[in-house]
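Report on one structure; see the data block that follows.
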Amino acid sequence: MGIPNTSHLILLFLFYASKIDAFLQPPCSCLRRSQKLAMSAETETKEVMKPAVKTDSKDFPMLEIDPSDTGLKVNPGAWKWPASWPYIGDYFDRESKESDADFYQRVSPSVYKNKIFENEAEESLQAHFKRFIPEGSNILEIGASAHSYIPKGLAQSRHVGIGLSKTEMDENSDLTEPPIEQDLNVNSYLDFEESAFDVVLITNSVEFFTRPKILFSEINRVLKPGGICMVTFTGKDAYKSFQDKQVKMWRDMNNAQHMWVIGSFFQFSGSSDWVELKGYDISPPSPQGFMSKFGGEKPGVYVTQARKGQEKITDPKVLIRKWVSQSPGLDSNEVEMCYLRLMADYNAAADQKGKDAVVEAAKKVPEVLNLIADSVK
């Protein structure tokens with residue numbers, strides 16, 4: 001009997017999924033196969049993700065210009081994606097091996113009161129939020145701290161913060177509920193009902209997440225149909241105290257590539273559910289000529305955002321393909337193999353309960369492969 005490949009591991013899990021809650025560790029031969037797959041995929045994706053020699057905001061692809069859409073750099077038709085999730089190997093490794101909670105509690109107290117965006121940069125971000133956050137919204141802020149950038153006077157029905165420090169979030173006057181202290185790299189699941197929020201904000205935090213596919217899938221789940229997720233970032237050197245916790249690929253790329261990376265998190269966490277995926281450069285102008293010697297370089301302000309589609313997906317074939325295609329480490333052939341096998345199980349199910357169980361099992365595939373990836377590190 002040969003060494004099982006990744007799709008076999010998934011099917012092994014699916015067989016036991018209805019009988020056990022915990023994932024059974026795969027045998028050593030399976031782990032070796034997973035390592036070989038990871039090494040192979042890493043070689044392929046390093047070519048795809050090779051950083052450009054020099055890229056800045058003016059190099060973002062543009063298919064059309066809309067003067068009314070301030071700062072638009074990448075419109076929905078301009079994104080180009082590989083066939084499957086392109087990040088394998090060390091892309092999400094970080095320099096510091098200290099737990100996020102311990103690292104944050106050690107480093108943050110000396111710097112958290114300092115805003116990353118101030119003055120013109122803050123005004124620019126607030127103006128962008130004012131365009132896209134409706135009055136009376138229910139807002140979830142991921143990576144929350146002592147400051148939010150909600151426009152002054154914007155009425156909110158609800159504003160919940162999730163972050164690493166309750167002490168810091170307690171100082172945030174925009175939050176309307178007790179904050180939630182949670183390390184999203186340990187537990188990437190959001191403890192909210194489906195369609196609970198109109199808006200999800202991630203500001204200057206996305207480069208620290210090691211499981212973005214799960215997190216962005218969860219964001220999609222808790223957003224209402226038509227709701228928006230806005231991910232804001234700045235230059236990678238803006239906060240040197242936290243650089244050891246930025247994922248490796250973030251350190252190796254520039255701002256144009258960062259925007260593409262965040263777009264890929266949307267794309268591969270439920271592409272059929274995300275619409276209006278756009279990228280913005282809303283950075284305030286930096287001083288030019290002689291005055292640049294005195295004013296210095298101002299922090300860039302970039303936003304990648306998308307909306308959850310209005311229609312809820314109910315077609316089991318679409319749902320099964322959606323969950324399988326979100327799985328890390330699967331190439332397009334393995335995605336197709338897993339999809340066909342799951343559909344065979346779905347069609348062979350004796351009743352609707354059995355069919356629903358197959359769809360639910362497919363939903364767990366990304367989580368299983370993340371566990372496998374963790375076990376071979």
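Throughout, read-outs are computed from the coordinates displayed, never taken from laboratory work. Every value quoted in this text rests on a predicted model; they were computed, and no experiment measured them. Positions of Cβ are backbone-derived with ideal geometry, glycine not excepted, and every protein chain shown enters the neighbour counts.
Key figures for this structure:
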read-out: Spacing of the two label points (7 Å from each Cα toward its C-beta) at residue 80 and residue 127, in nm; value: 3.2 nm
read-out: Under 5 Å, built H, 5+ apart or other chain: amide partners of residue 203; value: 142, 232
read-out: Using θ = phi - 60° and Karplus 6.51 cos²θ - 1.76 cosθ + 1.60, couplings along the range 350-363 (whole Hz; Gly, Pro as x); value: 6, 8, 5, 4, x, 5, 4, 5, 5, 4, 5, 5, 4, 4
read-out: Cα→Cβ-extended label distance, 7 Å offset, between residue 355 and residue 243, nm; value: 5.6 nm
read-out: Whole-Hz couplings from phi, Karplus 6.51/-1.76/1.60, listed for the range 222-237; x for Gly and Pro; value: 7, 7, 6, x, x, x, 10, 10, 10, 10, 9, 9, 10, x, 5, 9
read-out: Amide H partners (placed H, <5 Å) of residue 227, local residues excluded; value: 308
read-out: Nearest-0.05 FRET efficiency for residue 173 and residue 106, computed from C-beta distance (R0 30 Å); value: 0.70
read-out: Residue 276-residue 69 pseudo-label distance in nm [points 7 Å out on the Cα-to-Cβ vector]; value: 1.0 nm
read-out: Rel. contact order, % - alpha carbon contacts under 8 angstrom, at least six apart, the range 160-206; value: 33 percent
read-out: FRET E, pair residue 120, residue 187, Förster distance 41 Å, beta-carbon r, rounded to 0.05; value: 0.65
